[in-house]
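Undergrad: Structure below; questions to follow.
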Amino acid sequence: MTITHPSTDILILGSGASGAAVACRLSKSGFNVVCLEQGRWIKPEEFPNEHADWEIQARTNWAFDPNVRALDVDYPLNVDESPIDPLMFNAVGGSTIHWTAHTPRFHPSDFRVKTLDGVADDWPLSYDELEPYYDAYDALMGCSGINGDPANPPRKERPMPPIPIGQDGERMARAFDRLGWHWWPSDSYVNSVPYRGRQACNNCGNTGLGCSRGAKGQTDVAIWPEAIANGVELRTESRVFRVETDAEGKATGASYYDADGEENFQPANAVVLAMNGIGSPRIMLNSTSGAYPNGLCNSSGLLGKNLMFHPYAMVSGLFDDGLQTYKGPLANMILCQEFYETDPSKDFVRGYTYQVARSSGPVSTACGYMFGRVPWGADHHAEFNRRFGDVTVMGVIGEDLPEEHNRIELDPKLTDSNGIPSPKVFYTLSDNSRRQLDDAVENAKTALKEAGAAHVLATRLLKGAGWHLMGTARMGADPNTSVVDRWGQTHDADNIFVVDGSVFVTCAAVNPTPTIGALALRTADYIDRERADLKS
């Protein structure tokens, strides 16, 4: 028998970067809000950085890849047709638990790719329209950074000063200066000083595996306490399998399995999907009905299509100056955007960002996470000592252009532990992305050698690097070529919204979370301003 709960105004599916922001914003304005999260609350003492075996945990029950982690709360993915493995985490806070909190913004040009470069499509909004919501999300999550970056528009002061770039960052900055290349301290949702009741970073380095101090901007500590104080009900271990609709195609709520495997129905005046760029289209595709035979709000036929990752390459430099490059937040040092915009002299459009990162711990060093596996034998310890704390990485994040054949579908056989169909990922690296990465690898070698690296090692495409999941329910003005409008409201139903990376039109060459958060706050502002009919 299905358990039916009292109705709510707004039902949010997912508690990560976007779901938490919508919950907090709308609860301030008197909306009744329920959020369903398929994971659980994680206690601070459970995070790996509290344990000596943190690097072992990072490869097992805390792995970035749900296919490796293989917890009941996860869902498996069929990646047989993709050279890149999607990464995500299921818990209160979503994938902000696992991110390194590196938070650059899109450039204004990223919203006008069709106009400027004749590829992909323009967004139905501009950087200027989104800017106040970027600022609001920075304040909510806590942004450390510094003004003056010549590659980006002027902006409000960050809430906190930048994370120190360290001696290894200074070394790379001097090399960039000698080459005449742009660089700037990374914007980070990592506290450089105490902020909103959360401690400052202690430079332990394990920012990708949760933060027991609360110094990293995870929504479980940065947003959810405030949202819950506003009256939001956050219901954990609640695995949604279908958004329910009436004969006219409007949402009536969502059905889910609770921790005991019992079927539940949560009625609502509106449903907001915030389950990431694979999770949201997965459930939408599974929500077939008489009104939606091909998946929820899929009249365009584009639901699940135009999947974009950020193809990553990694170029590592081995130094011999003993700077102990494992100290400090892993990926929040400096960035270089010298090659960000389209260069007509090159054989590709758009560009890439370098994210300069530190090395990691001893197990990662021995296993070759950043500079190849240390060989066994008589020289093993000497070679380990030569590498540990002496590697600096230039991570390449390239702009992936949307292509319809890159997509997710429901796998006909693979399911999660509740029997809900899992996603099958179809992805091919484009020639444009391949040429971007090749160019980036060669330029990175130049920079690392200029910085004094004795040896340089390049990985031209990282398989386990699908951190950013975008484009599968794209935004646009035309219902024939998009799934949601400029406010994140689906064209097919005015009480269904999508607020995660699914709505991206293009993906730029920077990490997407600040843009996801800004768009989510903008959608919430629209609901508050224009949709009083959704409030009981």
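Undergrad: Kindly list, by first and then second residue, each pair from a residue in the stretch 397-414 that is open to solvent by 20 Å² or more (accessible area, probe 1.4 Å) to a residue that is of a type in the set (Val, Ile, Thr), limited to pairs with Cβ atoms under 6 Å and residues at least 6 apart or on different chains.
TA: Filtered contacts from the stretch 397-414: LEU401/VAL119.
Undergrad: Continuing with this model, one more query. Checking GLY205 against (1) farther than 18 Å from GLU37 by Cα; (2) open to solvent by less than 10 Å² (accessible area, probe 1.4 Å); (3) in contact with a Leu (Cβ under 7 Å, 6 or more places away or on another chain), only one condition comes out false. Which one?
TA: (2)
Undergrad: A follow-up question, please. Just name the residue that is farthest from GLY210 (Cα to Cα) out of those in the stretch 102-116 that are open to solvent by less than 20 Å² (accessible area, probe 1.4 Å) and in a loop (DSSP other than H, G, I, E, B). Can you show your working first?
TA: Start the filter on the stretch 102-116 by keeping residues that are open to solvent by less than 20 Å² (accessible area, probe 1.4 Å), which leaves 102-107, 109-111, 113.
Within this subset, residues satisfying the condition of being in a loop (DSSP other than H, G, I, E, B) are 103-107.
On the way: THR103: 16, PRO104: 20, ARG105: 22, PHE106: 25, HIS107: 28 Å.
Per the stated criteria, the residue is HIS107.
Undergrad: Same structure again: Which residue pairs have Cβ atoms closer than 6 Å, lie 6 or more positions apart in sequence or on different chains, and pair a first residue in the stretch 471-484 that is touching a residue at least 40 places away in the same chain (Cβ under 8 Å) and more than 19 Å from ASP400 (Cβ to Cβ) with a second residue that is open to solvent by 70 Å² or more (accessible area, probe 1.4 Å) and among the hydrophobic types (A, V, I, L, M, F, W, C)?
TA: none
Undergrad: Quick check, is ALA23 under 26 Å from ALA139 (Cβ atoms), touching a residue at least 12 places away in the same chain (Cβ under 8 Å) and assigned to a helix (DSSP H, G or I)? Don't jump to the end; show me each part of the working.
TA: Numbers: under 26 Å from ALA139 (Cβ atoms): yes; touching a residue at least 12 places away in the same chain (Cβ under 8 Å): yes; assigned to a helix (DSSP H, G or I): yes.
So ALA23 fits the description; yes.
Undergrad: Restricting attention to the stretch 231-258, which residues are closer than 18 Å to GLY94 by Cβ and not in a strand (DSSP E or B)?
TA: VAL232, THR236, GLU237, SER238 - these are the residues of the stretch 231-258 that are closer than 18 Å to GLY94 by Cβ and not in a strand (DSSP E or B).
Undergrad: Can I ask one more? Tally up the residues in the stretch 117-155 that are within 19 Å of GLY197 (Cα to Cα), in contact (Cβ under 8 Å) with a residue 24 or more places away in the chain and either open to solvent by 30 Å² or more (accessible area, probe 1.4 Å) or among the aromatic types (Phe, Trp, Tyr) (or both), please.
TA: Here the count works out to 2.
Undergrad: Another question, if that's okay. Taking the stretch 292-312, which residues are without any contact (Cβ under 8 Å) to a residue 60 or more places away in the chain, surrounded by fewer than 20 Cβ atoms within 10 Å (Cβ to Cβ) and small (Gly, Ala, Ser)?
TA: So the first thing to find is which residues in the stretch 292-312 are without any contact (Cβ under 8 Å) to a residue 60 or more places away in the chain, and the list is 293-295, 301.
Next, only the ones that are surrounded by fewer than 20 Cβ atoms within 10 Å (Cβ to Cβ) stay: 293-294, 301.
Within the stretch 292-312, just GLY301 meets the criteria.
Undergrad: Conditions: (1) more than 21 Å from TYR195 (Cα to Cα); (2) open to solvent by 30 Å² or more (accessible area, probe 1.4 Å); (3) modelled with pLDDT under 95. TRP99 meets all but one. Number of the miss?
TA: Result: TRP99 fails condition (1) only.
Undergrad: Still on this structure, please answer the following. Among the numbered conditions (1) among the small types (Gly, Ala, Ser); (2) under 30 Å from THR392 (Cα atoms); (3) in a loop (DSSP other than H, G, I, E, B), tell me where ALA473 comes up short.
TA: Unmet condition: (2).
Undergrad: Next question, about the same structure. Might you let me know whether the stretch 71-94 holds any residue that is open to solvent by 20 Å² or more (accessible area, probe 1.4 Å) and assigned to a helix (DSSP H, G or I)?
TA: no
Undergrad: In the list ARG178, ARG158, which residue meets the criterion of being touching a helix residue (DSSP H, G or I) at 6+ places or on another chain (Cβ under 9 Å), at negative phi, in contact (Cβ under 8 Å) with a residue 24 or more places away in the chain and part of a loop (DSSP other than H, G, I, E, B)? Let's see the steps before the verdict.
TA: Details: ARG178 fails: part of a loop (DSSP other than H, G, I, E, B).
Result of the check over ARG178, ARG158: ARG158.
Undergrad: Are any residues in the stretch 489-536 over 14 Å from the mean Cα position of the chain (by Cα) and under 16 Å from TYR134 (Cα atoms), and if so, which ones?
TA: Result: LEU521, ARG522, THR523, ALA524, ASP525, TYR526.
Undergrad: While we're here: Would you mention how many residues in the stretch 38-61 are in contact with a Lys or Arg (Cβ under 7 Å, 6 or more places away or on another chain) and either touching a residue at least 60 places away in the same chain (Cβ under 8 Å) or over 25 Å from ASN206 (Cα atoms) (or both)? Spell out how you get there, then give the answer.
TA: Looking only at the stretch 38-61, we keep the residues that are in contact with a Lys or Arg (Cβ under 7 Å, 6 or more places away or on another chain), and these are 38, 61.
From what is left, the residues that are either touching a residue at least 60 places away in the same chain (Cβ under 8 Å) or over 25 Å from ASN206 (Cα atoms) (or both) are 38.
Qualifying residue count for the region: 1.
Undergrad: Give the number of residues within the stretch 337-377 that are polar (S, T, N, Q), farther than 27 Å from ILE163 by Cβ and either surrounded by 23 or more Cβ atoms within 10 Å (Cβ to Cβ) or free of Cβ contacts under 8 Å to residues at least 12 places away in the same chain (or both).
TA: Residues that pass the stated criteria total 1.
Undergrad: Consider only pairs whose beta carbons are under 7 Å apart and that are at least six residues apart or on different chains; among these, list those whose first residue lies in the stretch 249-261 and is buried (at least 20 other Cβ atoms within 10 Å of the Cβ) and whose second residue is among the hydroxyl-bearing types (Ser, Thr, Tyr).
TA: ALA251/THR245; TYR256/SER238
Undergrad: Consider the stretch 279-290. How many of its residues are free of Cβ contacts under 8 Å to residues at least 60 places away in the same chain and either crowded, with 17+ Cβ neighbours inside 10 Å or part of a helix (DSSP H, G or I) (or both)?
TA: The first filter runs over the stretch 279-290 and keeps only residues free of Cβ contacts under 8 Å to residues at least 60 places away in the same chain, leaving 287-290.
After this cut, where a residue has to be either crowded, with 17+ Cβ neighbours inside 10 Å or part of a helix (DSSP H, G or I) (or both) as well, the list is 287.
Number satisfying all stated conditions: 1.
Undergrad: Something else: Can you find even one residue in the stretch 311-331 that is assigned to a loop (DSSP other than H, G, I, E, B), under 21 Å from the mean Cα position of the chain (by Cα) and under 30 Å from GLU237 (Cα atoms)?
TA: No, the stretch 311-331 contains no residue that is assigned to a loop (DSSP other than H, G, I, E, B), under 21 Å from the mean Cα position of the chain (by Cα) and under 30 Å from GLU237 (Cα atoms).
Undergrad: Take the stretch 433-470 and flag every residue that is assigned to a helix (DSSP H, G or I) and closer than 22 Å to GLY501 by Cα. It would help to see each step written out before you state the result.
TA: Step one: list which residues in the stretch 433-470 are assigned to a helix (DSSP H, G or I), which gives 433-450.
SER433, the sole residue that qualifies.
Undergrad: Tell me, which residue of the stretch 478-536 that is among the basic types (Lys, Arg) and part of a helix (DSSP H, G or I) is most open to solvent (accessible area, probe 1.4 Å)? Working first, answer last.
TA: Within the stretch 478-536, the first condition is being among the basic types (Lys, Arg), and the residues that meet it are 486, 522, 529, 531, 535.
This time we only want the ones that are part of a helix (DSSP H, G or I), so: 522, 529.
On the way: ARG522: 9, ARG529: 118 Å².
Only one residue fits best here, namely ARG529.
Undergrad: How many residues does the stretch 210-230 contain that are surrounded by 24 or more Cβ atoms within 10 Å (Cβ to Cβ), out of contact with any Lys or Arg (no Cβ under 7 Å at 6 or more places or on another chain) and not in a helix (DSSP H, G or I)?
TA: Qualifying residue count for the region: 6.
The values are calculated or read from the model by the stated rules, or taken from the named source; none is laboratory data. Small disclaimer: the values here were computed from a predicted structure and weren't measured. For neighbour counting, all protein chains shown are included, and Cβ atoms are generated from backbone atoms with ideal geometry for every residue, glycine included. The area values use the complete protein model at the heavy-atom level, side chains included, leaving out ligands, DNA and RNA. Shrake-Rupley method; radii C 1.70, N 1.55, O 1.52, S 1.80 Å.
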